[in-house]
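Novice: Starting off with a structure, shown below.
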Amino acid sequence: MENKQAAYYITAAELSELGFERLPSELKSKDHLIYSSPAALSFNSPGAQGFGVKRAGLAVPGSVMLLVAPACCGRNTTMLAELGAYADRFYYLLQDDTDIITGRHLNRISKAVAEVADFHEESTGTRPSCVMICITCVDALLGTDMERVCRKASEHAGLPVLPCYMYALEREGRVPPMTAVRKTVYSLLEPRAKKSTTVNLLGHFAPLRDDSEIYELLRSIGIKKINEISRCADFDEYLGMAEANFNIILNPESRHAAEDIASRLQIPSIEITRMYRLDKIRRQYELFAGALGVEMDDSAFYSEAEKRVKEFSSKHAGKRVAIGECLNADSFELALALTEYGLKVTEIYGTVSQERMAYIKRLAAVSPDTRIYTNLEPSMLYYDSGELECDLTIGIDAGYYHPDAPNVPWNLEIQPWGYRGLIGLIDEMEGVL
Amino acid sequence: MKGLLKVMSPFAPDQSGAASVFYDMNAITVICDAGGCTGNVCGFDEPRWHGNARPIFSAGLRDMDAILGRDDRLVDKLKKVSDKTDADFAAIIGTPVPAVIATDYRALKRMAEKRCGIPVVTCECTGTNLYDEGEELAYMELFRSFTEEIPVRKGRLGIIGATPLNLSDISADRLLRSHYEKEGYSEVMCYGMGEGLESIRQAASAELNIVVSPSGLAPARWLEKKYGTPYRIECPLAGEEAAEAKERLDGRKVLIVHNQVLACSLRDRMPESEVTVASFFKMDRSLMREGDVRVETEDQFMRLVAEGGYDAVICDELLRRAVKKDAYGEWINARHFAVSGNLEERLCEL
């Protein structure tokens, strides 16, 4: 008899057998209510942990944000306002009951933008480089033409005004909010003469770890300036990103931004992915170098990582690991990597997508019994941590499910990358095992 | 400009207030949103959630659900959950999305009750109102839907309006129980905090209700009218810093900014001081004295402090950044979770 109060899961082998076309309803977030547990917080409220639209919109140096929304949409920004770097950068134009029906708030935006810019200048001594207007589900439903509203506000206030669409309703749409905001933050770049020795890294709102080998490898092929928006000290430096010879996309959510930059500024792009499997990291660098038509020697970095993996594997092979999705990795790719390194991945709390099916199929071959759960499914209310014990959890959400097991959150804002990212993860795992 | 916040950030909204009242009940709570409101309610406005997650769900609305008004899909999703749980009832809480598309909550309630076979209450929150409005809606829905006509039991006391959003402490119910047990009540029912649906069913049996925050006033008045239960308005608790300071403010001019009931109760313990009570939230006329103010805008608050000449301001620390340092004598921190999202370090009896 089915236990009606048990968390739903499917094994890697079962899921691989079914394929994405026959994905069980429990794994499709549109088919059920979304369970709200601390493990699901980053889905429901991306800004609560890390970068959501509001914080991401402020990636442009010197910018401020005017949130135009009902008060509820700005509530968790109270937390951000307490963080030093954001204390003076958030402003709110609250919508009332009439506004959300009639859209009359749109008539007040220009004046509000001017007032905010003047107030900011008065209180900090600096005029904002631009005002980001963050709008929410209400304006999505009203069909507000925010581009036009921003143009009008820009003329009125005499500074750039840009829209940030925090449209949670369109989370699974063609341009989800975190994709749209990546385009927004680069949209102030204007055509400049190109410098063949400059590149931009697109994808994150915080920089890569300083020790990431990608910096050294790029320098080894003659790149002198590597731009990341989070490292731009001021607006002028940000504008200098338009001089790049090409963009490197590190996160698929930046593809839309890269396409826009390519069409407006004629800067082409190349995409690479964060991975934790040694051979795949090496292969990717080979392909990357091939695409650029250069030679790139990553052997020293490879050897360093390989040595570290071997040491770790010899000590910890067979340890049981549960992997979440609130972490700086693709849960399924990481599961595959750790399985290849000799660990036993017992559980994954992740979101199944078509792209991830390739990992799941490989995982089914090497670890068919790995259980796949989704944080969002209502039956996770009944998740029993005693059912499958583990020696280590990776990701905040995995730590939530197994509070007594050692945990590596692996979700710092500074981003891990490549061989050094893998070594960093191994160091942290070793630190808690 | 009305509605423009340049220094402050928004306070807890109505959906957070409603969810707070349902939190300790054995309920399936569904926030009718796309996800963000649920994230705010749980991740920010419900301090009990991190240590004790409850069945709170987002409806997971997407654009076409809203455009086409697909309430039937929401009901289908709710049924999947209700089939697997033993909840006493389901609560559907509104947000800006259903407010914009004018969701018919009565129809939604009927459809959901019929399909799921459990009682359903709905709260027409809009996200544009404040938490106390949502709490009031939730209490009213609960009492109207579930309270039964039963005789009064001597020694039974009801407490309305105790939530972490009001009292800034997740164990305020225990302190309240202990306080009123010392007053001689043998059975204290703190509705919505540490009590389930049964306490609501038996609410008519209380010999007295205590209203500890403004959101409890309308429900207490309704219970008095319907079942004859008398009520008293008081909050016997306050944060340690405020509770201790009251002794040394004799003869001084003081501004207290909090929920009106807590602020007035604190004022009652300071008979030798000249106290003004102000609140950003509900202000009931019956409790207001000359000079008391309902604050509606950030500018109004700045002016109130700047022009009042107060020796002391008792108010959440977060709002201190809105006023000039030389505008007041001393600032005494009285946490208000609905304002700052911070809990009191220690809640004390006044």
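Novice: Could you give the nm distance between label points at A:Asp279 and B:Arg70, where each point is 7 Å from its Cα heading toward the beta carbon?
Specialist: 4.3
Novice: May I pose another question? May I ask you to give the average projected area over all directions of the convex hull of the Cα atoms of the range A:187-239, in nm² rounded to one decimal? Please report the intermediate quantities before stating the final value.
Specialist: Working: hull surface 16.5 nm².
Across all orientations, the range A:187-239 yields a mean hull projection of 4.1 nm².
Novice: What is the percent of Cα-Cα separations in the range B:215-296 that go past 18 Å?
Specialist: Details: 1509 of 3321 pairs.
Distances greater than 18 Å cover 45 percent of the Cα pairs.
Novice: I'd like the antiparallel share, as a percent to the nearest 5, of DSSP beta bridges with both residues in the protein assembly as shown.
Specialist: On the way: 10 of 85 bridges.
Around 10 percent of the beta bridges assigned by DSSP in the protein assembly as shown are antiparallel ones.
Novice: Output the 0 to 90 degree angle, nearest 10, between the alpha-carbon long axis of helix B:217-227 and the longest principal axis computed from the alpha carbons of chain B.
Specialist: 60
Novice: Would you kindly give the portion of the calculated P(r) for the range A:295-433 that falls above 27 Å, as a percent of all Cα pairs? It would help to have the intermediate numbers written out before the result.
Specialist: Details: 1662 of 9591 pairs.
Of all Cα-Cα pairs in the range A:295-433, 17 percent lie more than 27 Å apart.
Novice: How high is the FRET efficiency from A:Ser25 to B:Glu330, r the C-beta distance, R0 56 Å, rounded to 0.05?
Specialist: 0.40
Novice: Grab the other residues whose beta carbon is less than 10 angstrom from that of A:Glu430, score K and R as +1, D and E as -1, and report the net. The partial results should precede the final answer.
Specialist: On the way: positive: A:Arg308, A:Lys315; negative: A:Glu311, A:Asp427, A:Glu428.
After counting each charged neighbour, the total is -1.
Novice: Cα-Cα over 20 Å: which of A:Lys194/A:Lys224; B:Lys2/B:Lys325; B:Lys79/B:Lys109?
Specialist: Working: A:Lys194/A:Lys224 13 Å; B:Lys2/B:Lys325 24 Å; B:Lys79/B:Lys109 13 Å.
Check vs 20 Å cut-off fails for B:Lys2/B:Lys325.
Novice: Now for a different question. Taking Cα atoms, how many degrees apart are the long axis of helix A:357-366 and the longest axis of chain A, rounded to 10 and kept between 0 and 90?
Specialist: It is inclined by approximately 20 degrees.
Novice: Right, another one. Using just the helices of chain A, give the 222 nm mean residue ellipticity in deg cm²/dmol: DSSP H runs with n ≥ 4 each add -39,500 (n - 2.57), and the total is spread over all residues, rounded to 500. Intermediate results must be reported in sequence, preceding the final value.
Specialist: Details: 19 runs with 172 residues, N = 433.
-11000 deg cm²/dmol, from helical runs alone.
Novice: Something else now. Setting aside same-chain residues fewer than 8 positions from B:Lys77, which aspartates and glutamates have a Cα under 17 Å from its Cα?
Specialist: Qualifying aspartates and glutamates at Cα under 17 Å: A:Glu26, A:Asp31, A:Glu377, B:Asp33, B:Asp63, B:Asp65, B:Asp86, B:Glu113.
Novice: A follow-up question, please. Taking amide hydrogens as modeled 1.01 Å from N in the peptide plane, which residues meet the under 5 Å criterion relative to B:Ile159, leaving out close sequence neighbours?
Specialist: B:Met189, B:Cys190, B:Tyr191, B:Ile210
Novice: Calculate how large, on average over all directions, the projected area of the Cα convex hull of the range B:23-172 is; give the answer in nm² to one decimal.
Specialist: Values: hull surface 39.4 nm².
About 9.9 nm², averaged over all directions.
Novice: Sticking with this one: Pull up the cross-link candidates among the lysines for B:Lys324, meaning alpha carbon to alpha carbon under 20 Å and not fewer than 8 places away within one chain.
Specialist: Partners found: B:Lys6, B:Lys253.
Novice: Something else now. Taking θ as phi - 60°, what are the ³J(HN,Hα) couplings along the range A:163-176 by the Karplus curve (6.51, -1.76, 1.60), each to the nearest whole Hz, with x for Gly and Pro?
Specialist: For the range A:163-176, the Karplus-derived couplings read x, 10, 8, 9, 8, 4, 4, 10, 4, 9, x, 5, 10, x Hz, x marking Gly and Pro.
Novice: Find how much the distance from A:Arg264 to A:Ala233 grows on full extension, using 0.36 nm per residue of separation minus their present alpha carbon separation; answer in nm with one decimal.
Specialist: Numbers: separation 31, 0.36 × 31 = 11.16 nm, distance 2.39 nm.
Here the answer is 8.8 nm.
Novice: Need one number: nm distance between label points at A:Gln354 and B:Arg115, each 7 Å from Cα along Cα→Cβ, rounded to one decimal.
Specialist: It is 2.8 nm.
Novice: Hey, could you grab the Kirkwood Rh for the range A:119-162? Inverse mean 1/r over distinct alpha carbon pairs, Å, one decimal.
Specialist: Values: mean 1/r = 0.0862 Å⁻¹.
The answer is 11.6 Å.
Novice: Where the only charges are on Cβ atoms (+1 Lys, Arg; -1 Asp, Glu), what is the dipole of the range B:14-144 about its Cα centre, to the nearest 20 debye?
Specialist: 620
Novice: Using Cα springs under 10 Å in a Gaussian network model of chain B, which residue among B:Phe337, B:Phe281, B:Phe146 shows the largest mean-square fluctuation?
Specialist: Residue with maximal mean-square fluctuation among B:Phe337, B:Phe281, B:Phe146: B:Phe146.
Novice: Right, something else. Taking R0 as 56 Å, what FRET efficiency do you get between B:Ala306 and B:Glu198 from their Cβ-Cβ distance, rounded to the nearest 0.05?
Specialist: In this case the efficiency is close to 0.65.
Novice: Something else now. Restricting to Cα atoms and excluding each atom paired with itself, what does the Kirkwood estimate give for the protein assembly as shown in Å?
Specialist: Details: mean 1/r = 0.0355 Å⁻¹.
It is 28.2 Å.
Novice: Moving on to the next point. Work out the length of the dipole vector of the range B:156-233 about its Cα centre, built from +1 on the beta-carbon of each Lys and Arg and -1 on the beta-carbon of each Asp and Glu, and round it to the nearest 20 debye. Write down the numbers at each step before the final one.
Specialist: Values: 9 positive and 9 negative charges, 49 e Å.
Approximately 240 debye in magnitude.
Novice: Amide H neighbours of B:Ile233 under 5 Å, at least 5 residues apart or on other chains, H built in the peptide plane: list them.
Specialist: Distant-sequence amide H within range of B:Ile233: B:Val211.
Novice: Suppose every K and R has +1 on its Cβ and every D and E has -1 on its Cβ; what is the size of the dipole of the protein assembly as shown about the Cα centre, in Debye to the nearest 20?
Specialist: Numbers: 91 positive and 117 negative charges, 258 e Å.
For this selection, approximately 1240 debye.
Novice: Okay, moving on. Considering only A:Gly318, A:Gly240, A:Cys73, whose Cα is most displaced toward the positive end of the charge dipole of chain A, charges sitting on Cβ of Lys, Arg (+1) and Asp, Glu (-1)?
Specialist: About the Cα centre, the residue reaching furthest to the positive side is A:Gly240.
Novice: Quick one: go through the range B:171-189 and flag any residue whose amide nitrogen is under 20 Å from the point 7 Å out along the Cα-to-Cβ line of B:Glu234.
Specialist: Correct set: B:172-189.
Novice: Let me ask another. Report the normalised scattering of the range A:198-271 as log10 I(q)/I(0) at q = 0.23, 0.24 Å⁻¹, calculated by the Debye formula with identical scatterers on the alpha carbons.
Specialist: -1.14, -1.24
Novice: Lysines within cross-link reach of B:Lys154: Cα-Cα under 22 Å, excluding same-chain residues under 8 positions apart?
Specialist: Here the lysines satisfying the reach criterion relative to B:Lys154 are B:Lys182, B:Lys225, B:Lys226.
Novice: How far is helix B:298-308 tilted, in degrees, relative to the longest principal axis of the Cα atoms in chain B, given as a value from 0 to 90 rounded to the nearest 10?
Specialist: Roughly 20 degrees between the two axes.
Novice: If you don't mind, there's one more thing I want to ask. What fraction of the DSSP beta bridges in chain A is antiparallel, stated in percent and rounded to the nearest 5? Numbers along the way, then the final one.
Specialist: Numbers: 2 of 40 bridges.
Beta bridges within chain A, antiparallel portion: roughly 5 percent.
Novice: Given the rule -39500 (n - 2.57) for each run of at least 4 DSSP H residues, summed and divided by the residues of chain B, what is its mean residue ellipticity at 222 nm, to the nearest 500 deg cm²/dmol? Before the final figure, lay out each step's value.
Specialist: Numbers: 15 runs with 129 residues, N = 350.
Counting only the DSSP helices, I get -10000 deg cm²/dmol.
Novice: Output needed: percent of Cα pairs per 20 Å distance bin for chain B, bins running from 0 to the one holding the longest distance.
Specialist: Spelled out bin by bin, chain B gives 31, 56, 14, 0 percent.
Novice: While we're on this one: Mind checking which of A:Ile348, B:Val97, A:Leu425 is farthest towards the positive end of the protein assembly as shown's charge dipole, using Cβ charges of +1 (Lys, Arg) and -1 (Asp, Glu) about the Cα centre?
Specialist: B:Val97
Novice: Once you have a ≥ b ≥ c as the square roots of the Cα gyration tensor eigenvalues for the range A:68-167, tell me rounded if a/c is under 1.5, and otherwise prolate or oblate according to whether a/b is larger than b/c.
Specialist: Working: a/c = 1.97, a/b = 1.23, b/c = 1.60.
In terms of gyration-tensor shape, oblate.
Novice: Please name whichever of B:Phe281, B:Tyr131, B:Leu142 sits farthest to the positive end of the charge dipole of chain B, dipole taken about the Cα centre and charges placed at Cβ: Lys and Arg +1, Asp and Glu -1.
Specialist: Of the options given, the answer is B:Leu142.
Novice: How compact is chain A by the rule of thumb for globular proteins, expressed as Cα Rg over 2.2 N^0.38 Å? Don't skip to the end; give the middle numbers.
Specialist: On the way: Rg = 23.1 Å, N = 433, 2.2 N^0.38 = 22.1 Å.
The reported ratio for this selection is 1.04.
Novice: Give me, ordered by chain and number, the residues 5 or more places off A:Val345 or on other chains with an amide H under 5 Å from its own placed amide H.
Specialist: A:Val321
Quick note: the coordinates plus some simple rules give every number you see, no bench work behind them. Small disclaimer: the values here were computed from a predicted structure and weren't measured. All Cβ positions, even for glycine, are placed from backbone atoms using ideal geometry, and neighbour counts span all protein chains on display.
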